[in-house]
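FYI, it's all coordinate maths here, none of it is from the lab. Everything numeric here is computed off the predicted structure, so don't read it as measured data. Here Cβ is always computed from backbone atoms with ideal geometry, including for glycine, and neighbour counts include all displayed protein chains.
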Ligand SMILES: Nc1ncnc2c1ncn2[C@@H]1O[C@H](COP(=O)(O)OP(=O)(O)O)[C@@H](O)[C@H]1O
Ligand SMILES: [Mg+2]
């Protein structure tokens, strides 16, 4: 494999202390190649969202080593992690974390504008149109359905064209046909930019589009299966 974009070795995440300590991640070894598309599967509570938080720099591992896009994530402070993520890592969380006081287009454009993108507003509108929300640009999150909010969160993550995209069950709130069209947008952008995609999903259709399927069980990797690209 060429230099991995994510290199995790013996990653552990323990929350709580003493007798109340819970081991959430129990020694994860995972290398992801640039441009790879990886589906992360596993039962509820197996640690998928926790692993995504650590790999994307939202949460610090308790121990182990983690290099993402050439940066040693275990050595960075929270502020430095936030800087490392900006423009480089797009994240779609299970709870969408849209800003309630901003419209859909503001939610997508504002982070890009803050990052200095002169075309932030045009690109935000285009990305929302691509996920089928061209008619919802000036709606506030509270005026949108769960599925529409999910699509705003996806547009926000992919609009800056980050080289690394993480998505936690991005089709979880969408009906099958909307889910398929959003997945198409995600993979089309990936094809355009060569981004690396790490997607947590229960959606078999979505997992089948990925190069590689990693299964978690009880905080550990239970299986790791590479597939020839385009095999699905
Ligand atoms: N803040 C927390 N404190 C204690 N336990 C937590 C916390 N967050 C998650 N967990 C536990 O960690 C385990 C993995 O959770 P999670 O990563 O959300 O799993 P998944 O996304 O696979 O459903 C679960 O047992 C969950 O209850
Ligand atoms: Mg989860």
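Fully extending the segment from residue 142 to residue 118, taken as 0.36 nm per residue of separation minus the present Cα-Cα distance, adds 5.8 nm.
Mind checking Rg over Rh on region 122-232, alpha carbons, Kirkwood formula for Rh? Present the calculation step by step, with values, prior to reporting the outcome.
On the way: Rg = 14.7 Å, Rh = 14.9 Å.
Dividing the radius of gyration by the Kirkwood radius yields 0.99.
On a C-alpha basis, how far is the centre of region 186-207 from the centre of region 118-143 in Å? Whole number, if you could? The two parts, judged by their Cα centres, are 21 Å apart.
With axes computed from alpha carbons, what is the tilt in degrees of helix 176-193 against the longest principal axis of the chain, rounded to the nearest 10 within 0 to 90? On a 0 to 90 degree scale, this one is about 80. Modelled this way, with points 7 Å down the Cα-to-C-beta line, the labels at residue 17 and residue 83 are 2.9 nm from one another. Measuring nothing but how far apart in sequence close Cα pairs (under 8 Å, 6+ apart) lie, relative to its length, the chain scores a relative contact order of 26 percent.
For region 167-232, take the convex hull of the Cα atoms, compute a quarter of its surface area, and give me that in nm², please. It is 4.8 nm².
Can you check how the C-alpha radius of gyration of region 121-182 compares to 2.2 N^0.38 Å, as a plain ratio? Don't skip to the answer; put the middle values down first.
Working: Rg = 11.1 Å, N = 62, 2.2 N^0.38 = 10.6 Å.
Region 121-182 yields a ratio of 1.06.
The slack between residue 2 and residue 29, meaning 0.36 nm per residue of separation minus the straight C-alpha distance, is 8.0 nm.
Go ahead and run the numbers for FRET between residue 227 and residue 97, Cβ-Cβ distance against an R0 of 45 Å, rounding to 0.05. Walk me through the numbers before you get to the answer.
Details: r = 32 Å, r/R0 = 0.70.
The value I calculate is 0.90.
With helices as the sole contributors, the chain gives -9500 deg cm²/dmol at 222 nm; each DSSP H run of n ≥ 4 counts as -39500 (n - 2.57), and the sum is divided by every residue.
Taking the Kirkwood radius as Rh and the Cα radius of gyration as Rg, the chain has a ratio of Rg/Rh equal to 0.96. Taking all Cα pairs closer than 8 Å and separated by 6 or more residues, the relative contact order of region 160-218 comes to 46 percent. Translational diffusion coefficient, Stokes-Einstein: compute it for region 1-128 using the Kirkwood radius over C-alpha pairs as Rh, at 25 °C and 0.890 mPa s, and state it as an integer in µm² s⁻¹. Rounded, D is 148 µm²/s. Remark: 5, 198 ranked as 5, 198, counting other beta-carbon atoms within 10 Å and listing the fewest first.
Using Cα pairs under 8 angstrom and six or more residues apart, how large is the relative contact order of region 91-197, in percent? Write out the running numbers ahead of the final one.
Values: 137 pairs, mean separation 35.1, N = 107.
RCO, region 91-197: 33 percent.
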